[in-house]
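Engineer: This is the structure I have questions about; it appears just below.
Just so it is clear, none of the values below were taken in a lab; they were calculated from the coordinates. Please read these numbers as outputs of a predicted model, since none were measured by experiment. Here Cβ is always computed from backbone atoms with ideal geometry, including for glycine, and neighbour counts include all displayed protein chains.
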Amino acid sequence: MTHLDKKYDRASSPEEREKAVKPVLKIVLDRQLQDTWTKKLSSQYGITRNRMTPQKRKVFSLGRTRRILAIAASITLFFLVGRVVLFSPSDPKQIAEEYLHAREVLHPGLVKGVADIQYQFRGQAIKFFDEKKYEDAALYFRKIENQTSEDKFYLSLSYLFDGQYEEAIDLLNALKTPNSSFREEINWYISVAYILNDQSSKALSSLHKIRKGEWNYSESQNLISLMTTTKRKLKKPEDL
Amino acid sequence: MNKNFGLSTVEFDDLVNELRHDNNELFEKIFLSHFGDSMTFLKRNYKSTHDDAYDAVMDTMIEFRQRIIEGKIYYGNLRYLFTKMATQKYMRQANSYKSRPIVESDITTVNHIEYNEEDIKTLAISWEYLGEECQTLLKLHIHANMKLVEIAEQMDRSPATIRKKKERCIKKLMQIFKKHNKTE
């Protein structure tokens, strides 16, 4: 039971119940207002917080929209390769981060089902995921009792985008089965997660599993070449 | 620089009236256009970081809005008041980062913390599931501080109906809240 729950249940009159809910609801509504102002400040006045500078990203959806994905990937690759050639950044971590955020990942959406609480959790998780509120998305994906592999996959992406690399790696590893419909995506995202988590040797081994013609093959080749040539100092004991 | 953000007394009265009807448009127009100036003031005079200045001004806007609604802010020198509040917000925020010896009040259980972040998040989600009519009613009453009699007048209902409706809306909101909390 939470604080609000307890206070609400203890209240014996409608006035007391309102008194219990009011301060929390006020905060909720204030935050909604702040969200609106944040968007307006950014779009109309160009004022943003540095720590969450939004980037214009391309939109695509995984799994069911492979063709769109392929086109988006080609366009992104074109620009990224251009950037690599022009500015020659040599840090694989930086490049992996760029690849990860180069395009917006959206959930393909809810499949019609029984509108029970589990269905609501899933809907909420997807909503947060698409809004890039990855911490909240993870919270709701975790709440789903009988998680499908799709739920688990998007939970792992929520962890990854939220910077919880170890959780992302554990879950992606658990999802790795030969017949998984997310096999190509898992190979790519787990490689990125390893790089961002400073596990270079595991990242390299994972990148080598991405075969020609598979999703993000060119990007993986670029990362392999960067990682083998830059000879970064490795920090994790397992990489020594 | 204009002491009252370019507002005349009549326009200020309009602003108050608009806010009390949960219409934030005019307020946003005035204060968002001065947001950058207020940030610059904090950065220049207090060497605040960009993000700290942003947060302080944002928090001030929320509090300023609330105080206008509650009739605690009067026309006169709005800019000075806003800047002063933003400075106080920033200083409080900055001081909280400074290390200091532990005092008794740090250890004593604080009674006034009656809600936590999880409550806020779950209530925000529950709010999305609440019907539009309930949202409007609760927003007017709780966020715009409007009296039930005024809401009744605006919605062309009796005050008793509105009171009952408000009670039901709160009950409904908490039912959704509890449902979301169950399997957490």
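Engineer: List the residues whose amide H sits under 5 Å from the amide H of A:Ile47, counting only those 5 or more places along or on another chain, with H placed 1.01 Å from N in the peptide plane.
Structural biologist: A:Ser42
Engineer: Let me ask you something else. Could you sort A:132-138, A:221-227, A:179-185 so that the peptide with the highest average Cβ count within 10 Å comes first and the rest follow in order?
Structural biologist: Packing proxy ranking, top to bottom: A:132-138, A:221-227, A:179-185.
Engineer: Further, regarding this structure: What shape does segment A:3-50 have by the C-alpha gyration tensor, where a ≥ b ≥ c are the square roots of the eigenvalues, rounded means a/c under 1.5, and otherwise prolate means a/b greater than b/c and oblate the rest?
Structural biologist: Prolate, since a/c reaches 1.5 and a/b exceeds b/c.
Engineer: I've got another one for you. What shape does chain B take by its C-alpha gyration tensor, where a ≥ b ≥ c are the square roots of the eigenvalues and a/c under 1.5 counts as rounded, a/b above b/c as prolate, and the rest as oblate?
Structural biologist: It comes out oblate by the Cα gyration axes.
Engineer: Count the net charge of all other residues whose Cβ sits under 12 Å from the Cβ of A:Lys127, scoring Lys and Arg as +1 and Asp and Glu as -1.
Structural biologist: Charge balance near A:Lys127 sits at -1.
Engineer: Let me ask you something else. Give me B:Phe177, B:Phe41 sorted ascending by neighbouring Cβ count inside 10 Å, so fewest comes first.
Structural biologist: Ascending Cβ contact count within 10 Å gives the list B:Phe41, B:Phe177.
Engineer: Distance check, please: which entries in B:Lys72/B:Lys147; A:Lys22/A:Lys152; B:Lys29/B:Lys121; A:Lys176/A:Lys202; A:Lys132/B:Lys121 exceed 26 angstrom between their Cα atoms?
Structural biologist: Check vs 26 Å cut-off fails for A:Lys22/A:Lys152; B:Lys29/B:Lys121.
Engineer: Follow-up question, since we're still on this one. If you take each beta carbon of peptide A:15-25 and count the beta carbons of other chains within 10 angstrom, what is the mean?
Structural biologist: For this peptide, the per-residue mean of nearby foreign Cβ atoms is 5.
Engineer: Can you put A:Thr38, B:Thr9 in order of Cβ neighbours within 10 angstrom, beginning with the fewest? Don't skip to the answer; put the middle values down first.
Structural biologist: Values: A:Thr38 17, B:Thr9 11.
Ascending number of Cβ neighbours within 10 Å: B:Thr9, A:Thr38.
Engineer: Roughly how crowded by other chains is peptide A:2-9, in terms of the mean Cβ count from those chains within 10 Å of each of its Cβ atoms?
Structural biologist: 6
Engineer: Segment A:166-216 to segment B:115-142: how many Å between their Cα centroids?
Structural biologist: Using only Cα atoms, the two centres lie 40 Å from each other.
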